[in-house]
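Notes to accompany the following structure.
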Amino acid sequence: MSDDAANSADSGTGSGTGVGTGGPAAGAQVPDAEDRKIITLARSARARNGVPEGAAVRDETGRTYVAGSVELDSLKLSALRTAVAMAVASGAQSLEAAAVVSAAGEVPDEDRAAVKDLGGAGTPVLLAGPDGTLRTTVTAG
């Protein structure tokens, strides 16, 4: 994340606008352009695959990895854990940010733990509703 984006996330302000129809929810930061991109990618994965959640992560080089939740008889993975696994399998060394689009009200601890394992405790995890509106940003740790 750039210094400007980090400062925007810390201060709760930013130069971007909300993704979706209503802008960010009360208490949520305004996402920058790069964060809006991963929210849009996560929303697209959710819609395209007809799954309960979509996720996208951005690695240290700016590459993005997009996934939906996996629901097989023998394998169940959240969209965020799937996206982190795709990043690791592709050689990512770290994460700059992660986004989840879901009807859920929070990002589960085990999903945040996966982001923390690759990106560190301070990695921002953005949670947006199905319409793409940012609800909240938490850290991985």
Query raised in the report: Got a sec to turn the phi values of the range 99-108 into Karplus ³J(HN,Hα) couplings, 6.51 cos²θ - 1.76 cosθ + 1.60 with θ = phi - 60°, whole Hz, x for Gly and Pro?
Result: 9, 10, 10, 7, 7, 5, x, 7, 8, x
Report summary line: Once phi for every residue in the range 32-43 is put through the Karplus expression 6.51 cos²θ - 1.76 cosθ + 1.60 (θ = phi - 60°), the whole-Hz ³J(HN,Hα) values, with Gly and Pro written as x, are 7, 4, 5, 6, 4, 4, 6, 5, 4, 5, 5, 5
Query raised in the report: Residue separation times 0.36 nm, minus the C-alpha to C-alpha distance between Ala104 and Asn49: what's the value?
Result: 18.0 nm
Query - Calculated from backbone phi, Karplus (6.51, -1.76, 1.60) coupling profile of the range 74-81 in Hz, x at Gly/Pro - result: 9, 8, 10, 9, 5, 4, 5, 5
Query raised in the report: Highest mean first, what order results for 68-75, 121-128, 95-102, 39-46 on Cβ atoms within 10 Å?
Result: 95-102, 39-46, 121-128, 68-75
Report task. List the residues whose amide H sits under 5 Å from the amide H of Glu53, counting only those 5 or more places along or on another chain, with H placed 1.01 Å from N in the peptide plane. Result -> Ser69
Requested in this report: Would you pull out the residues with amide H under 5 Å of Thr123's amide H, same chain only if 5 or more places away, H placed 1.01 Å from N?
Outcome: Ala140, Gly141
**Report entry** Relative contact order of the range 79-141, defined on C-alpha pairs under 8 angstrom at six or more residues apart (%)
**Finding:** 34 percent
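Values quoted throughout were computed directly from the atomic coordinates according to the rules given, and no laboratory measurement underlies them. Since this is a predicted model, take the numbers as computed values, not measurements. All Cβ positions, even for glycine, are placed from backbone atoms using ideal geometry, and neighbour counts span all protein chains on display.
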